[in-house]
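> One structure, as structure tokens, below. Some questions next.
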Amino acid sequence: MTIKALIPSVVLGAVFAVPAFAQENMDKLSKMQRTDATFTYVEQSGERADALKAIVPHIKVPDGFEVSLYAVVPDARSMAVAPQGTVTFVGTRKDKVWSVVDRDRDRIADEVKDFAPSVTFDIPNGPCFSPDGFLFIAERNRVLTFPAAEFFFEGPDPAVGEVVAQGKLIPAEEESFNHTARVCRVGPDGKLYISLGQPHNVQPVEKHEMYDKIGIGGIIRMNTDGSGREVYTRGIRNSVGHDFNPANGELWFTDNQVDGMGDDIPPGELNRQTSAGQHFGFPWTNGGVDIPAYKEVARPEGVEFVEPQVNMDAHAADLGMRFYTKGSFPEKYHGGIFSAQHGSWNRTTPVGARVMFTTLDEEGNAAGTEVFADGWLNGETGEYRGRPMDIAFLPDGSMLVSDDFAGAIWRISYKSGMSQ
Amino acid sequence: MRLATLTILGGLMLAGITPAMAGDPVEGQKVARMCQTCHGIDGLARIPLAPNIGGEPKDYLEAQLMAFKTGAREHEMMTVVAASLSAQQISDVAAWYASHTASAELADGVSAEDAPSACVSCHGADGISVALNAPNLAGEATTYIVTQLKAFRLGQRKHEIMSEIAAGLSDEEIRAVSDWYANVHLTIVKEE
């Protein structure tokens, strides 16, 4: 059965005009030609913004810090602050990447519009920058790059290149489910690191070898032109946050753990990787808890599972994370990790919806984790006011927290006059 | 097309696909606390990967939950949730969400005549279901519909009618159909 048999040709013209142009737009953009795409702007004042501002007093932070609404950004997921700090790019689990601009530097965004409206995105969750200003966007099953995005985002037709073509990140038949929100970072070695969640709660036994080979349930790395792809991290379930320790270049990542084993196991994970190819235990173990379905399945030979550095509350959904490399927060936060807990979705008593802080010791191990910010979860009704998803830092050292439930970016700053 | 569809659906129900139990919406509201983080207590989705389920036909909701429970349909979250529900709880929670009313409004300047005609006989031009075992599509996130159509195309999700329709669709056509319904404005209200 073809679509033409189902839909009159007149309708085809009207309904299918946009996608027919989508690939054409990609071709045009890669040749630096113009399309006729137009921007979608997000209103930054009015009812929506006022409703979000009413959430601010509920958010608890340590003494000396304050919380404000930075921007109204629908479905806000992973963030990338551009090297010059002019604009922050924000991914979604829908089909938009937002550019968030604070032109007058009053620390409140004055313009939010979609980035590259001429490109048809598919779950563009993960933006990240190289130090020389290339923006990468990891989608469900494609990776694009936008040179000098910080300067070209003002026009609807930024130059674009394909790092990984559509359908080449993972086999198309593995892309249908959840766990397809990618995160990327450019590492100290200049390579692009992309997390690939495995699509199941626990993958079927017959799939684990194939997944391990491709890097599904892992983190892959490649050159920024897409060549030299290899599996860097093995044995994770669904990581939606990773970052490099600026002190020694080691990769740290969060991992979300198995559902259906009860309210209190297995714990969420924060992991430290010290060399390429290390295995973190999944689907055999989760934070020291054995997964029943893999009890009888042979473990990979000659491989020692790396234990998590931090066991977080079960089901709190640890997602985006970033090392604090700026100066304006007090000394205790320097060189530590801020991570976002999205909050549980089916725990009897909900937990999470917070920003956590983990401090490191001199050997580079985790040395304690505490709640940094919470209050997005209404403890009385179990309802969310918001759900933190990712952490980023502005050049002034203040923190941005993306929230895909409220559709906002929150800013947490240390009060001036009290720092340094 | 419409007549054929209804005949097939009638056959399905006679074959006992749905448990056809009486559901209590008051009990169902309690069960729905397990659903609200993703689907909302009123059935208006809170995350893009979850569908809107308020005002959905009860038969459709029950059939899908039973499919997740039996493994006929798989999803890494829903499989876990449905496994913990009894048949009675499934009927109750389906009754709760079905006790809402969904209504839809096409965007300004959009004509119902341009709706994808392969879909309208079951899902309506505005994405409000006109068949007992078809879901509403109005206001569903593009990514959700795309994901489902691709699952039908790959055989990961199966349905007598949808598997065949999806098999003939290209990626671009799937995207266009999904965009059509995603652009409809959906309202869900609880009937008093």
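> On a 25 Å Cα-Cα criterion, which of the cross-link pairs A:Lys28/A:Lys96; A:Lys94/B:Lys58; B:Lys58/B:Lys190; A:Lys94/A:Lys191; A:Lys96/B:Lys69; A:Lys213/A:Lys295 come out too long?
A:Lys94/B:Lys58; A:Lys94/A:Lys191; A:Lys96/B:Lys69
> Farthest toward the dipole's positive end in segment A:37-78, which of A:Ser68, A:Ala54, A:Ala37, given Cβ charges of +1 (Lys, Arg) and -1 (Asp, Glu) about the Cα centre?
The residue sitting most towards the positive pole is A:Ala37.
> Using only the Cα atoms of segment A:125-269, each taken as one equal point scatterer with no solvent, compute I(q) by the Debye sum, divide by I(0), and report log10 of the ratio at q = 0.14 Å⁻¹.
Results for segment A:125-269 at q = 0.14 Å⁻¹ read -0.67.
> Of B:Tyr97, A:Tyr232, which has the most accessible area with a 1.4 Å probe, and how do the rest follow in descending order?
A:Tyr232, B:Tyr97
> With a 1.4 Å probe and all protein chains in place, put A:His334, A:His342, B:His185 in order of accessible area, largest first.
B:His185, A:His334, A:His342
> In addition: Given H placed 1.01 Å from N in the peptide plane, which residues other than close sequence neighbours of A:Met389 have an amide H under 5 Å from its amide H?
Excluding prolines and chain starts, which carry no amide H, the hits are A:Ser402, A:Asp403, A:Asp404.
> At a 1.4 Å probe radius, which order do B:Cys35, A:Cys184 fall into by accessible area, largest first?
Reading off the accessible areas and sorting them downward yields B:Cys35, A:Cys184.
> Let me ask another. So how much accessible area does A:Arg142 have, in Å² to the nearest 10, using a 1.4 Å probe?
Number for this one is 20 Å².
> Compute the orientation-averaged projected area for segment B:62-152 from the convex hull of its Cα atoms and round it to one decimal in nm².
6.8 nm²
> Long-range amide H contacts for A:Gly268: which residues qualify at under 5 Å (H placed 1.01 Å from N, peptide plane, sequence gap of 5 or more or a different chain)?
A:Met312, A:Asp313, A:Ala314, A:His315, A:Ala316
> Here's something else I'd like to know. In a Debye calculation with equal point scatterers on the alpha-carbon sites of segment A:183-326 and no solvent, what is log10 I(q)/I(0) at q = 0.15, 0.17, 0.22 Å⁻¹?
-0.71, -0.91, -1.47
> Ratio of Rg to Rh for segment A:56-414, alpha carbon only, Kirkwood? Kindly include the intermediate steps, with their values, before the conclusion.
Working: Rg = 19.1 Å, Rh = 20.3 Å.
Rg divided by Rh gives 0.94.
> Limiting things to C-alpha atoms, what are the Rg and the maximum Cα-Cα separation (Dmax) for the protein assembly as shown, in angstroms?
Answer for the protein assembly as shown, Rg first and Dmax second: 23.7, 75 Å.
> Taking segment B:25-189 as the region of interest, what is the percent of Cα-Cα pairs per 5 angstrom bin, listed from the shortest bin to the one with the maximum distance?
With a bin width of 5 Å, the distribution comes to 2, 9, 17, 24, 21, 16, 8, 3, 1, 0.
> B:Glu191: accessible area at probe 1.4 Å, nearest 10 Å²?
About 110 Å², rounded to the nearest 10.
> For the protein assembly as shown, what is the charge dipole size about the Cα centre, in debye to the nearest 20, if Lys and Arg each add +1 at the Cβ and Asp and Glu each add -1 at the Cβ? Show your work: numbers first, answer last.
Numbers: 52 positive and 81 negative charges, 93 e Å.
For this selection, approximately 440 debye.
> Within straight cross-link reach of A:Lys60, meaning Cα distance under 23 Å, which lysines are found once same-chain residues fewer than 8 apart are removed?
A:Lys326, A:Lys332, A:Lys415
> Let me cross-check A:Val240: its accessible surface, 1.4 Å probe, with only protein heavy atoms counted, in Å² to the nearest 10?
That residue has around 10 Å² of solvent-accessible surface.
> When you look at the Cβ of every residue in B:110-120, what mean number of other chain Cβ atoms sits within 10 Å?
Working: counts 1, 1, 0, 4, 8, 4, 8, 7, 6, 2, 1.
The mean count of partner-chain Cβ atoms within 10 Å per residue comes to 4.
> Whose amide H sits under 5 Å from the amide H of B:Asp24, counting only residues 5 or more places off or on another chain, with H placed in the peptide plane?
B:Asp92
> Grab the DSSP H runs of chain A that are 4 residues or longer, score each as -39,500 (n - 2.57), total them, divide by all residues and round the 222 nm result to the nearest 500 deg cm²/dmol.
-2500 deg cm²/dmol
The values are calculated or read from the model by the stated rules, or taken from the named source; none is laboratory data. No experiment lies behind these values; they were computed from the predicted model shown. Cβ sites come from the backbone with ideal geometry, for glycine too, and all protein chains shown count toward neighbours. Ligands, DNA and RNA are stripped out before the accessible areas are found, and what is left, the full protein with its side chains, is counted by its heavy atoms. Shrake-Rupley method; radii C 1.70, N 1.55, O 1.52, S 1.80 Å.
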